[in-house]
Amino acid sequence: MEKLSNPQVTIETIKKYDFAFQKKFGQNFLIDSHVLDKIIAAAGVTKEDVVLEIGPGFGTMTQYLAEAAKEVIAVEIDKTLIPILHETLADYDNVTIINEDILKVDIAKLVEEKNGGKPIKVVANLPYYITTPIIMGLFESHVPLDNITVMVQKEVAQRMQAGPGTKDYGALSLAVQFYAEPYIVANVPPNCFIPRPGVGSAVIRLTKWENPPIAVKDESFMFSLIRASFNQRRKTLQNSLVNGGIQITKEQVVEALEQMELSPTVRGEALTLEEFAQLSDVLCECRK
Ligand code: SAM
């Protein structure tokens with residue numbers, strides 16, 4: 001059977017099922033075989049792998065994953081897509097389709113059941129409206145993972161990969177880079193999808209660190225410092241932290257910056273992940 005990555009097959013499937021795309025579910029289906037090959041290669045999917053696909057749509061990427069992986073678990077929220085998926089994936093006996101909202105799935109439990117708790121790969125053309133909660137949810141709930149290789153909005157990919165001192169650098173960059181090493185695999189133009197999205201897209205691979213790149217005494221305190229610093233990006237770090245809803249005084253911040261030999265007028269956007277970790281540890285000590 002011709003694959004759905006052939007635009008004609010996707011168009012015929014739309015007609016056959018009289019399928020109406022739902023904007024609220026971020027439905028933009030891929031119709032480019034080169035992009036699909038690139039995604040599978042970047043994720044490094046092999047016959048040893050169990051892959052979680054978030055939002056299979058018609059099953060376009062699922063067909064590629066089923067051929068490359070040992071097993072695919074595809075979680076789709078839109079119930080009208082389920083009978084379509086059963087037809088487009090009928091040739092594959094290694095795909096499990098789950099009709100559920102991914103944000104409500106206990107993924108760690110699923111990985112335990114399907115892969116004995118060993119690391120899986122996550123591969124998806126993500127619904128852009130929930131990119132951050134999906135990715136941070138996977139990291140923060142400590143799902144065993146090799147890598148997450150996903151299509152996201154281009155600007156979001158750039159923010160995930162950005163370093164200190166750049167305009168894209170922010171809380172998302174630091175949160176992602178704490179857990180994984182980001183690598184932008186390809187930029188993907190709107191004409192690779194039906195319907196065409198109003199924004200540019202990019203494939204990004206996030207390779208989970210085996211060991212965290214930095215040590216920090218209180219992870220959640222460090223992230224509250226990071227969020228406060230970037231909530232008021234144009235202010236100095238000192239002012240953002242003191243007015244950021246965290247229980248710290250100006251004197252404590254001044255002292256911490258001095259101890260770290262940072263300028264009192266430094267902005268949060270200049271600090272590396274290591275420096276945020278150090279600041280967090282110093283402030284933790286003086287809050288005691
Ligand atoms: N993988 C398909 C492709 O590349 O052609 C479709 C990708 S489309 C960008 C995003 C898919 O995610 C849609 O099928 C949409 O219905 C599904 N989706 C949206 N929100 C979801 C959620 N909360 N849980 C699971 N799937 C969701």
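Just so you know, all these numbers are worked out from the coordinates, no wet-lab data involved. This one's a predicted model, so the numbers in the text were calculated from it and none came from an experiment. With ideal geometry, Cβ positions are generated from the backbone for all residues, glycine too; neighbour counts draw on all protein chains shown.
Out of all DSSP beta bridges with both ends in the range 7-208, state the antiparallel percent to the nearest 5.
Working: 17 of 35 bridges.
Just about 50 percent of them are antiparallel.
Springs between alpha-carbon pairs under 10 angstrom, Gaussian network model over the chain: which of Gly116, Gly200, Gly137 fluctuates most?
Gly116
By the scheme Lys and Arg +1, Asp and Glu -1, what is the net charge of all other residues having a beta-carbon under 15 Å from that of Val266? Display every interim value, and only then the final one.
Working: positive: Arg233, Arg234, Lys235, Lys250, Arg267; negative: Glu255, Glu258, Glu261, Glu269, Glu274, Glu275.
Surrounding charge for Val266 is -1.
Could you size up the charge dipole of the chain around its Cα centre, putting +1 on the beta carbon of Lys and Arg and -1 on that of Asp and Glu, and report it in debye to the nearest 20?
On the way: 29 positive and 37 negative charges, 183 e Å.
The calculated dipole for the chain is roughly 880 debye.
Compare the Cα positions of Gly163, Val45, Asn231 along the charge dipole of the chain (+1 at Cβ of Lys, Arg; -1 at Cβ of Asp, Glu; about the Cα centre) and return the one farthest towards the positive end.
Going by the Cα projections, it comes out as Asn231.
Would you please give the FRET efficiency between Ile82 and Arg233, computed as 1/(1 + (r/R0)^6) with r the Cβ-Cβ distance and R0 = 30 Å, to the nearest 0.05? Intermediate results must be reported in sequence, preceding the final value.
Working: r = 43 Å, r/R0 = 1.44.
Result of the calculation: an efficiency of 0.10.
Skipping prolines and chain starts, which residues have an amide H placed within reach, meaning under 5 Å, of the one on Phe29, given they are 5 or more residues away or on another chain?
Here Ile194 satisfy the definition.
Give, rounded to the nearest 20 debye, the magnitude of the charge dipole that the range 30-178 has about its Cα centre when Lys and Arg contribute +1 at Cβ and Asp and Glu contribute -1 at Cβ.
Approximately 480 debye in magnitude.
Set Lys and Arg Cβ to +1 and Asp and Glu Cβ to -1, take the dipole of the chain about its Cα centre, and tell me which of Gly26, Ser5, Ala69 lies farthest positive.
Farthest towards the positive end: Gly26.
Which trypsin sites (Lys or Arg not before Pro) does the range 1-34 hold that lie in a coil by DSSP with at most 11 other beta carbons within 10 Å? Numbers along the way, then the final one.
Working: sites: Lys3, Lys15, Lys16, Lys23, Lys24; in loops: Lys3.
Nothing satisfies the criteria.
First check a/c for the range 7-208, with a ≥ b ≥ c the square roots of the eigenvalues of its C-alpha gyration tensor; if it is under 1.5, answer rounded, and if not, answer prolate when a/b is larger than b/c or oblate otherwise.
On the way: a/c = 1.69, a/b = 1.21, b/c = 1.39.
Because a/c hits 1.5 or more and a/b fails to exceed b/c, the range 7-208 counts as oblate.
Set the bar at 30 Å for Cα to Cα. Now go through Lys70/Lys109; Lys38/Lys208; Lys16/Lys154; Lys24/Lys235; Lys3/Lys24 and name every pair that lies beyond it. Please list the in-between numbers first.
Values: Lys70/Lys109 19 Å; Lys38/Lys208 19 Å; Lys16/Lys154 32 Å; Lys24/Lys235 35 Å; Lys3/Lys24 26 Å.
From the list (Lys70/Lys109; Lys38/Lys208; Lys16/Lys154; Lys24/Lys235; Lys3/Lys24), the Cα-Cα distance tops 30 Å for Lys16/Lys154; Lys24/Lys235.
Applying 1/(1 + (r/R0)^6) with R0 = 30 Å to the Cβ-Cβ distance of Asn191 and Leu103, what FRET efficiency is obtained, to the nearest 0.05? Working shown, then result.
On the way: r = 30 Å, r/R0 = 0.99.
It comes to 0.50.
Which of the listed residues, Pro119, Ala215, Met136, is farthest toward the dipole's positive end in the chain, when Lys, Arg count +1 and Asp, Glu count -1 at the beta-carbon?
Ranked along the dipole, the leading option is Met136.
Roughly how many debye, to the nearest 20, is the charge dipole of the range 139-284 about its Cα centre, given +1 on each Lys and Arg Cβ, -1 on each Asp and Glu Cβ, and no other charges?
Values: 13 positive and 16 negative charges, 166 e Å.
Dipole of the range 139-284, to the nearest 20 debye: 800 debye.
Just from its helices, what would the mean residue ellipticity at 222 nm be for the chain, if runs of 4 or more DSSP H residues each count -39500 (n - 2.57) and the sum is divided by every residue, rounded to the nearest 500 deg cm²/dmol?
Values: 12 runs with 118 residues, N = 288.
Result for the chain, helices only: -12000 deg cm²/dmol.
Which order do the peptides 78-86, 258-266 take when ranked by the mean count of other beta-carbon atoms within 10 Å per residue, highest first?
78-86, 258-266
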